[in-house]
1. Could you run through segment 175-193 and say how many residues are out of contact with any Phe, Trp or Tyr (no Cβ under 8 Å at 6 or more places or on another chain) and open to solvent by 10 Å² or more (accessible area, probe 1.4 Å)?
2. Is there a residue being in contact with a Leu (Cβ under 6 Å, 6 or more places away or on another chain), modelled with pLDDT of 95 or more and surrounded by fewer than 20 Cβ atoms within 10 Å (Cβ to Cβ) anywhere in segment 392-400?
3. For segment 653-744, please list each of the helices (runs of 4 or more DSSP H) lying entirely inside it that holds at least 1 residues being open to solvent by less than 20 Å² (accessible area, probe 1.4 Å) and hydrophobic (A, V, I, L, M, F, W, C).
4. I'd like to check which strands (runs of 3 or more DSSP E) are fully inside segment 196-306 and have at least 3 residues that are in contact (Cβ under 8 Å) with a residue 12 or more places away in the chain, among the β-branched types (Val, Ile, Thr) and crowded, with 21+ Cβ neighbours inside 10 Å.
5. In segment 431-443, is there at least one residue being in contact with a helix residue (DSSP H, G or I) (Cβ under 9 Å, 6 or more places away or on another chain) and acidic (Asp, Glu)?
6. Within segment 364-382, which residues are open to solvent by less than 40 Å² (accessible area, probe 1.4 Å) and either free of Cβ contacts under 8 Å to residues at least 24 places away in the same chain or closer than 25 Å to Ala570 by Cβ (or both)?
7. Give Glu627, Glu601, Glu577, Glu636 a once-over and let me know the one that is in a helix (DSSP H, G or I), open to solvent by 10 Å² or more (accessible area, probe 1.4 Å), touching a residue at least 24 places away in the same chain (Cβ under 8 Å) and touching a Gly at 6+ places or on another chain (Cβ under 9 Å).
8. Residues being under 20 Å from Thr205 (Cα atoms) and crowded, with 21+ Cβ neighbours inside 10 Å: count how many of those fall in segment 150-174.
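The values are calculated or read from the model by the stated rules, or taken from the named source; none is laboratory data. Note that the coordinates shown come from a computational prediction; the quantities given were computed from them, not determined experimentally. Using ideal geometry, Cβ is built from the backbone for each residue, glycine included, and neighbour counts are taken over all protein chains shown. The area values use the complete protein model at the heavy-atom level, side chains included, leaving out ligands, DNA and RNA. Shrake-Rupley method; radii C 1.70, N 1.55, O 1.52, S 1.80 Å.
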Amino acid sequence: MAQAIRFPIHVRKGVRRMHGPARHVFAVLYALLLAPPAAPAGDFELVCDPAAGGPVRFAGEEIRREAEARGMSLGDDAGATRIVLAVKKTDSAAAQSYSIRVRNEGARRVVTVRGADETGTMYGGLDIAEAIRTGTLDALKDSDHTPHIKQRGIKFNIPLDVRTPTYTEREWPDSARLNVAEMWSEDFWRETFDDMARHRYNVITLWSMNPFPSIVKLPEFPSVALEDVHSASAEKKEILVVKRMTMDDKIRFWRAVMQMAKDRGIDVYWFTWNVFLGPAEGKDGISGDKTALRTMEYYRASVRETIKTYPLLAGLGITAGELMPEKEFREVSKEQWLWRTYGEGIRDGLKDTADRKFRLIHRFHMTGMSDIRAEFAGLPCPLEFSFKYAVAHMYSIPNPPFIQRALPQLGPRSRSWLTIRNDDIHSFRWADVDYARAFVKAIPGEDKIAGFYMGPDGYHWGRDFLTKNPDGPRQTVMHKMWLCFALWGRLAYDPDLPAATFARLVAARFPGADAGRLVAAWTDASKTFPYITRFFWGDIDVKWFPEACRKREGFYTVRHFMEGGTMPGAGVLNIIEWRTGLFSKQMPHGVTPLEIAATLEANAGRALHALPELRRATVTRTSSAKEYAATLNDIEAMSHLGLYYAAKIRGACDLALFDKTGDAKQQASAVQQLEAALNHWKNYAAAYTRQYVQPVRFNRAGLVDIPKQTEDVAADVQMARDWRPGTIDEAQIRRSGTEAGFRQ
C-alpha cells in the first residue's frame, strides 16, 4: 500500500508589482502570466509507493525541500492538498512521459502524477516542486508530457588525474588542475546530478583519453592501475597528490557515483580518444607500438573489466582519433584495431549478461560509416554514431548545416548522437530562450538522431574557479549557469514550454527584482556570442574563442576581420564579399557585416540601458543578492564585448574600402571606429576583471589575458593608420582559404 508522508504548507498571500516596458516576449509573458496565485494555507500530504526507486524518492525530497524552504507548517485538516506520485507502466506510454491530473475530493485538492516509468514520475514530481517554489501550485491543470528528444546529455571532459587527463595539451589547463580533486568528491557529483535532474538531463558522457588506469584493475596487467589521485601546478611544474585512494577505493567510488546518477534517472557513459596509452606504456609488456598484440590485449581487457566492474554503466563511446595516423595502421586498419580492442572487449564483458542494456557510440571523427559497419557487424549490443553538430560552436546559428551531409546515411537502425560543443562561453551566464528553442526545434527527428550531449573541450564543467572571492565552497559551473542549463535541458524535453516558465524561475531566484526587465536585458546581452560567431568563423576551438577575440596562437586583428570568412550556412556576407558587391552594385544575398554590427550594438545598448534600474533593485533573499549582482555584471561584460565587436566590424569595413579606394576619409573613419573599439575593450576588460581572475590557461584557447590584450586592440588602431591601399590580395585569400572560412 502507498505510504502517506505528511508535511506542511503555509504561505502568506501577496501581490508582486510589475515594472518596466514589456519589450521582449519574455517580458510580455511575464506581465501577462507570471504573477502567481498564492498557495493556500493548510496541510500538504505527499503519497508515494514505498517500493518506488531512487528517482521517485528524489522527487519527493525535492517537494519536501521546497515546502520547508517556504516555511510551510504541518497540519492534518480535511482540506489538505494531497500530492500523489505514482508509476504506471504501460506498453503504449513513451519512456520518461508523465501526466498530471488535478481534481477535488470534497474540500481536498488532489494532484496526481503518473509516470510511464520512475524517471517520468520524477519529472512530474519536479514540476510540483517547481510549482511550490514559484507559487503556482494552485494554477496546476491537467497536462500530459512526453520527451521531444529522449536522450539529453552533458559532455563532460573529466580530469581524473594528471596521469589520465581528459585531453592532452602542451600545458595542464587551470580548469583541469583545479578540479581534479572534485572528480573524486561525492558531494560534487551529488550537486551535479541533482541539477541535471532538475533541468531534465538524463545522460552524462565522461570524456578521457584513457580512463582505464584510474577506474579498473586488470588481472593480466596488474601494474597499470593507478593508486591515489595526482594533479599538477600550473604548466605541470610540480606533481601534487590531491587524494589518497587505493584502486579498490576508486572502484567503490565510481560504483557509488553511478548509483547516484541512476537514482536521478541519468545514464553514465565513458568516452575515449585513441590511442593514448598514457601511464600504461612500459608496464606489463605494453610498448609504444599501438598495433602490437600486447597493446590490443590491454585495451580489450580494459573494456571487458570496465563493463564487468560497473553494472550500471550504460555504454562506451570511441573515437578513431588523433593518435591513429595511417602510417602506423598499415597492417591493422583503425577500424580493425577498434574492433579487436573495444568490440571484442564489449563482447567479452557482456558474454554472461544477455539481458544487460549497453550501447556503443562510435564517433564519425576521422572515419567513415562504411568502415565502421564492416568491422562492427558482430557487435552484441546496439551501435550508434556521433556527429559534431555545430563543430565547436553551438552559439552561432540555430540550424547549423553540417549534419546535412550525414543525414542520408542515417535511419532508424543507424542513428547518430549529436556532439553539441560549447567552446564559445566559459565565463558568463548565458540566457536566450528564443535561440535555445529554435536550436532544439531544428535538430533532426528521432528517426535519424538518438540524442545529444552538450559541453566543451576547452573548459571543464567542474566547480567554478574563475570567480573572485567566492562565498564558501565554490559552486559548480552548472549551478552558476543555472538558467542556461535549464533552457537547454527543459526545452529539449519540451520545446514548446512557455517562456513564462523560465521567467517565473528567475522571479523565484531573485525575489524583489524586476524579472521581466532582467530577462530582457539578459537575453540582449547573450546575443553577442551567436552574432559574432556567425560573422567571424573558426570551426574548431583552437581557431576561435569569442570571449577573447583570439585563437590559440594569438589575437585576431582588424586585418583578420577584413580577410575572414563567415559561418557556412549562416547567410552572412564576409567583408570582401560585401566590398565586392558594393563596388559592383550587385550585392549578394545575405546579411551584411554592417547589419551584424548594428544588431550587436542595438542588443548591447538595450542591455546596458536597463542595468542602472536593475541595480537599484533590492533582492530580498540574502543568499540571492550576490548571485543577482554577479548576473548583472555578466550582462554588462557581454554587452561591452558586443559593442567592441560592432565597432571592430565597422572599422574593418571602412579599412577594406580604403584599401580599395585610397580615400583618406574612409581611413579616418576606420581609425575612429577602432579607437571606439579600444574604449569598448577597456570597458569589457574592467567589467571582466571586476568579477573574474586573469590570466587563465584554457585547454584549447591557451593562455588568455583580457586586460593584457588591450595592447593588441590598441595595435589595431595603429594598423589602420599605417595601412596602404592595395594590401589585401583577394586572389591569395581565395587560394589560401580553408573550409573554416578564413585565412590562417
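1. So the count comes out to 6.
2. no
3. 664-691, 710-722
4. Output list reads 203-208.
5. yes
6. Scanning segment 364-382 gives Phe364, Gly368.
7. Selected residue: Glu601, the only one of Glu627, Glu601, Glu577, Glu636 that is in a helix (DSSP H, G or I), open to solvent by 10 Å² or more (accessible area, probe 1.4 Å), touching a residue at least 24 places away in the same chain (Cβ under 8 Å) and touching a Gly at 6+ places or on another chain (Cβ under 9 Å).
8. Number of matching residues: 14.
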